[in-house]
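First up is the structure itself, then whatever we jot down about it.
The values are calculated or read from the model by the stated rules, or taken from the named source; none is laboratory data. Computed from a prediction, not measured in an experiment: that's the story for all the values here. As a convention, Cβ positions derive from the backbone with ideal geometry for all residues, glycine included, and neighbour counts pool all protein chains shown.
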């Protein structure tokens, strides 16, 4: 009697076990993917000693899957802060990005990218108006994150990344002592990713 119940329970659980086995072998990443997120972070200029400046940030990334461990794409990242009534700082990075999933569950990833940086500063001119300075340079981004599955194709994705910018400042602008402005931004975001 006990053996018959064990066989019946085993037969009843067979479809569940087969579905779980298929899900483990099913690739987590396929084809096109897109993600976006918002959060905040800190900017520190390596050229000026201004301390840490907190701001809001976010990203949009999209691309293609090379295999279940490697995704490639493009990413736009923006960080902005207001340090006074008429003074704003905006740092933008546009990079070609690679996401690498080293683990067997394919949830945790390492991220790196290179591209262009844009630094936008708006400050008072002293004549009752504001001046906007925009400078372009090189960008590098390194980060980590985790895809937390919420469905078959969607994930909640917390990220932590460090963005580096190297921007050449034209002569006669602030800071006057150097022509290269190096900036580091630490950005923490939570996003949604569709695979």
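Can you name the number of the only condition in (1) modelled with pLDDT of 75 or more; (2) closer than 30 Å to residue 33 by Cα; (3) surrounded by 15 or more Cβ atoms within 10 Å (Cβ to Cβ) that residue 135 fails?
Exception for residue 135: condition (2).
Do we find a residue being modelled with pLDDT under 80, over 13 Å from the mean Cα position of the chain (by Cα) and buried (at least 17 other Cβ atoms within 10 Å of the Cβ) anywhere in segment 163-184?
yes
Tell me, please, whether a residue that is in a strand (DSSP E or B), under 16 Å from residue 195 (Cβ atoms), out of contact with any helix residue (DSSP H, G or I) (no Cβ under 8 Å at 6 or more places or on another chain) and modelled with pLDDT of 85 or more can be found in segment 38-59.
No, because not a single residue in segment 38-59 is in a strand (DSSP E or B), under 16 Å from residue 195 (Cβ atoms), out of contact with any helix residue (DSSP H, G or I) (no Cβ under 8 Å at 6 or more places or on another chain) and modelled with pLDDT of 85 or more.
If the requirement is being free of Cβ contacts under 8 Å to residues at least 40 places away in the same chain and closer than 16 Å to residue 187 by Cα, which of these qualifies: 110, 138?
110
Within segment 118-132, is there a residue that is within 26 Å of residue 34 (Cα to Cα) and either surrounded by fewer than 17 Cβ atoms within 10 Å (Cβ to Cβ) or out of contact with any helix residue (DSSP H, G or I) (no Cβ under 9 Å at 6 or more places or on another chain) (or both)?
Yes: segment 118-132 contains one or more residues that are within 26 Å of residue 34 (Cα to Cα) and either surrounded by fewer than 17 Cβ atoms within 10 Å (Cβ to Cβ) or out of contact with any helix residue (DSSP H, G or I) (no Cβ under 9 Å at 6 or more places or on another chain) (or both).
Checking residue 91 against (1) over 13 Å from the mean Cα position of the chain (by Cα); (2) more than 20 Å from residue 45 (Cα to Cα), only one condition comes out false. Which one?
The single condition residue 91 does not satisfy is (2).
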